[in-house]
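The values are calculated or read from the model by the stated rules, or taken from the named source; none is laboratory data. What you see is a predicted model; the values in this text were computed from it and never measured. We place every Cβ from the backbone using ideal geometry, glycine too, and count neighbours over all the protein chains shown.
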There are 2 protein chains.
Amino acid sequence: MEDKRITKRLNLKGVAEKLGVSTATVSNAFNRPDQLSKNLREKILSEASRLGYHGPNLAARSLRRGRSDVIGVMLSDSLTYSFSDPMANQMLQGISEVLMEYNKQLLLFYEGKDNTAQSSAESLPDGFIFYGSSNLETFKRIVALGKPCVTIDYVQDKIPSVGIDDRSAAKKIAMHAISQVNHGTVAILGMKLVVSDRVCRLTQDDLDEKSVEISRQRLLGYFDAVTENDLTIPPESIWSVPFNTEKYAKIAAKEAFSSSLHPNIILCMSDVIALAAISTAQSMGLNVPKDVIIVGFDDISEAKHASPSLTTVCQQNAQKGKVAAKMLLENNLTNCILETKLVVRQSSSPTN
Amino acid sequence: MEDKRITKRLNLKGVAEKLGVSTATVSNAFNRPDQLSKNLREKILSEASRLGYHGPNLAARSLRRGRSDVIGVMLSDSLTYSFSDPMANQMLQGISEVLMEYNKQLLLFYEGKDNTAQSSAESLPDGFIFYGSSNLETFKRIVALGKPCVTIDYVQDKIPSVGIDDRSAAKKIAMHAISQVNHGTVAILGMKLVVSDRVCRLTQDDLDEKSVEISRQRLLGYFDAVTENDLTIPPESIWSVPFNTEKYAKIAAKEAFSSSLHPNIILCMSDVIALAAISTAQSMGLNVPKDVIIVGFDDISEAKHASPSLTTVCQQNAQKGKVAAKMLLENNLTNCILETKLVVRQSSSPTN
DNA sequence: ACAAAAAACTTAAATGATTCAGTAAAAATT
DNA sequence: AATTTTTACTGAATCATTTAAGTTTTTTGT
């Protein structure tokens, strides 16, 4: 029962004692100005500050109040990876803008590959935002806490989500790409189409495999466009990239270009992949867009500056975060589908 | 005294009662496996999980323990802005890698322009990392909490910091740039050289103004190189960019190129500024590097892919975060200066 | 078989703040 | 002046957990 702390931390009670008032009054000075006289309040605040007491302790406060004014953000892949992902950054930017406005704090959670270990910290936030496909176990555990949750780019029954219509956006850009050439031979570079840590060329069976939902939707959208143009995409012309990074995308792109397929249209499920594909094509002596059209998805900032600049689907990432945070804080939990826009640039314009 | 919660949250006590054991035993099951028999521990954990109890509440735990296993990161500019800053991202990536390893959580704090409001959440973290020049009031308040603190790219007396030798790195790249042309006319685009929200062309008085320390150091480094080459830089050839964004950098670059100065060397204090300067130069009909050499600082990922690719100083941002986090967690609080490397690319090679 | 040691478990104080209910004093109303 | 209302403040229960110290049970050693 002994206290290991060397110097006892100054607390509200200490301040109250110094001033000869009750703890309730000091607490009210910080939280409910209408509960005490203006004079006393000012005296308390200035004395507290002089003593080095900078306001109530969050742990104690949130224990008693049952809320913390902290919002938890669960990043699907390891945080490590997410911070280098331009999409996640923009989304976090949106969230933080809103949190700042509401004077809330942001607690980040990350899932490692096999790390679904629960952290005591999960009990702190008043609500959660999930970004991207979370580990289902973690997701369920947190939802079971009964706090408001919103997902971004991740659809789960009964949980409000913010996202885009991936299927129709994918169809839109595929339609455009196909319209740019006479005889299209399409290859697809997709994200996490199969469960694997390596780049995979798909087989028939893989089409039924459980993949990340947004990738599945985009794939369906591509198929819609292909079908409508009387083309076909055999599974062998689809590659699954395990992580949205340049490194893996280049491996996949190289395979695609060296294969007997000789594609002249590459549909990429992200800009990171598309940019890597462009650079791979160029290093293999192919001209983009004359020899091969390459399109992306996301419209990250590099897309505009690349050469050739990248045709892609613009989605409002920051807006996603904003909307999700607002939904949570205003307790307005209804699904939201944001608009997307086809952005045509050089990488799909062979005739110029 | 009444409980406003609708359904009382399941707690450790509840689990203990269901199992007919003491709360201490349940607590030990979660925290100190050696304090109870293996059988009972397994029984407790499985029953707890079955009941939907997912481990101790952070608020209560950290109140009692006096620590939270949460690390606070204070971002100098608003978080909003930091998330779009590639430098901050890499740094956060480094921090998070280490925190993940140590199973700690990350609580983000942000300072708005005039928002130095203290948040109750400041009392939670076991330690703080400051990134970049913080508001001094906030900084002092948090340091006064007596918890371990580390700064990154921000030097304050008695507080251990992680950074680079800005002055010598700046000198190094300036020496290189100057050596590439016969008669150098230098302009400098720097960050926050004066206190202002607008782009400013400096005057003599401004040189003594309080600017951000790392900018001041870089400026001194540029001066070192200029002096050593028997050149001069009047204050009128220096522009201060208020935020490290493309928008403001372009304004400054445009001013620099339209001025009667006609610089053929632009020393930029960040890659974001340098890339904006390149694009501005090109839109004004100037060839980089033939008409004007432009160099940056930081080596962000776009630097390599730009055309022309950007000569810059590579600094290990992720490493900064890693080192800072390790210092904090291993309680090894000593200053650390990381190495930098001059990366010569096309933007400073007029002869190729 | 008995004492000593080790293991297993419990009791209860402590952590720092919030807030309901109550009291006393001051102000307003009749 | 008496009564009511309002304001200003206090007392004490409560939030969920940890952990030192104490108690009981089991194991070990001789």
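Which ranges mark the helices (runs of 4 or more DSSP H) fully within the stretch B:266-352 that have 3 or more residues being in contact with a strand residue (DSSP E or B) (Cβ under 6 Å, 6 or more places away or on another chain)? Spell out how you get there, then give the answer.
On the way: elements: B:271-283, B:301-305, B:317-329.
So the answer is B:271-283, B:317-329.
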Picking from B:Arg218, B:Arg201, B:Arg141, B:Arg167, the residue that is of a type in the set (D, E, K, R), in contact with an Asp or Glu (Cβ under 8 Å, 6 or more places away or on another chain) and buried (at least 20 other Cβ atoms within 10 Å of the Cβ) would be B:Arg218
(Q) Looking for something in contact (Cβ under 8 Å) with a residue 60 or more places away in the chain and under 23 Å from A:Arg61 (Cβ atoms) - is there at least one such residue anywhere in the stretch B:118-125? (A) yes
Of (1) under 24 Å from B:Lys304 (Cβ atoms); (2) in a helix (DSSP H, G or I), B:Thr227 satisfies every one except (1)
When (1) crowded, with 24+ Cβ neighbours inside 10 Å; (2) more than 16 Å from B:Ala253 (Cβ to Cβ) are applied to B:Val295, the one that fails is (2)
* State whether one or more residues within the stretch A:80-87 are more than 16 Å from DNA strand C (Cβ to nearest atom) and at pLDDT 90 or above. => no
Considering residues that are surrounded by fewer than 21 Cβ atoms within 10 Å (Cβ to Cβ), free of Cβ contacts under 8 Å to residues at least 60 places away in the same chain and within 28 Å of A:Val272 (Cβ to Cβ), the number found within the stretch B:301-352 is 11
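With respect to A:Ile293, is the statement that it is within 21 Å of the chain's Cα centre (by Cα), away from every other protein chain (no Cβ under 14 Å), more than 30 Å from A:Cys149 (Cα to Cα) and of a type in the set (A, V, I, L, M, F, W, C) true? Show your work before the answer.
Values: within 21 Å of the chain's Cα centre (by Cα): no; away from every other protein chain (no Cβ under 14 Å): yes; more than 30 Å from A:Cys149 (Cα to Cα): yes; of a type in the set (A, V, I, L, M, F, W, C): yes.
Taking the combined requirement at face value, the residue does not satisfy it.
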Taking the stretch B:258-279 and the residues there that are free of Cβ contacts under 8 Å to residues at least 40 places away in the same chain and closer than 23 Å to B:Val344 by Cα, the one that is surrounded by the fewest Cβ atoms within 10 Å (Cβ to Cβ) would be B:Ser279
Restricting the stretch A:11-24 to residues that are surrounded by fewer than 17 Cβ atoms within 10 Å (Cβ to Cβ) and either near DNA strand D (Cβ under 10 Å from one of its atoms) or β-branched (Val, Ile, Thr) (or both), the one farthest from the other protein chains (Cβ to nearest Cβ) turns out to be A:Gly20
>> under 22 Å from the mean Cα position of the chain (by Cα) and of a type in the set (Phe, Trp, Tyr): is that true of B:Phe243 in this structure?
In response: yes
B:Tyr102: at pLDDT below 95, in contact with a Gly (Cβ under 7 Å, 6 or more places away or on another chain), surrounded by fewer than 24 Cβ atoms within 10 Å (Cβ to Cβ) and more than 9 Å from chain A (Cβ to nearest Cβ), yes or no?
no
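For the structure I just gave you, tell me whether B:Leu124 is at pLDDT 95 or above, in contact with a helix residue (DSSP H, G or I) (Cβ under 7 Å, 6 or more places away or on another chain), under 30 Å from A:Ser27 (Cα atoms) and within 13 Å of DNA strand C (Cβ to nearest atom).
Working: at pLDDT 95 or above: yes; in contact with a helix residue (DSSP H, G or I) (Cβ under 7 Å, 6 or more places away or on another chain): yes; under 30 Å from A:Ser27 (Cα atoms): yes; within 13 Å of DNA strand C (Cβ to nearest atom): yes.
In short, yes.
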Of the residues in the stretch A:31-54, those that are of a type outside the set (A, V, I, L, M) and within 13 Å of DNA strand D (Cβ to nearest atom) come to A:Asn31, A:Arg32, A:Pro33, A:Asp34, A:Gln35, A:Ser37, A:Lys38, A:Asn39, A:Arg41, A:Glu42, A:Lys43
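How about the stretch A:118-160: which of its residues are outside any loop (DSSP other than H, G, I, E, B) and either within 16 Å of DNA strand D (Cβ to nearest atom) or in the same structural domain as A:Leu193 (by TED's automatic domain parsing) (or both)? Break it down stepwise before answering.
At the first step, the residues of the stretch A:118-160 found to be outside any loop (DSSP other than H, G, I, E, B) are A:120-123, A:127-131, A:136-143, A:149-152, A:156, A:159.
Matches in the stretch A:118-160: A:Ser120, A:Ala121, A:Glu122, A:Ser123, A:Arg141, A:Ile142.
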Residues of the stretch A:46-79 being within 16 Å of A:Val26 (Cα to Cα), crowded, with 18+ Cβ neighbours inside 10 Å and more than 7 Å from chain B (Cβ to nearest Cβ), in sequence order, are A:Ala48, A:Tyr53
Original post:
Is it true that A:Lys254 is of a type in the set (D, E, K, R) and within 14 Å of chain B (Cβ to nearest Cβ)?
Top reply: no
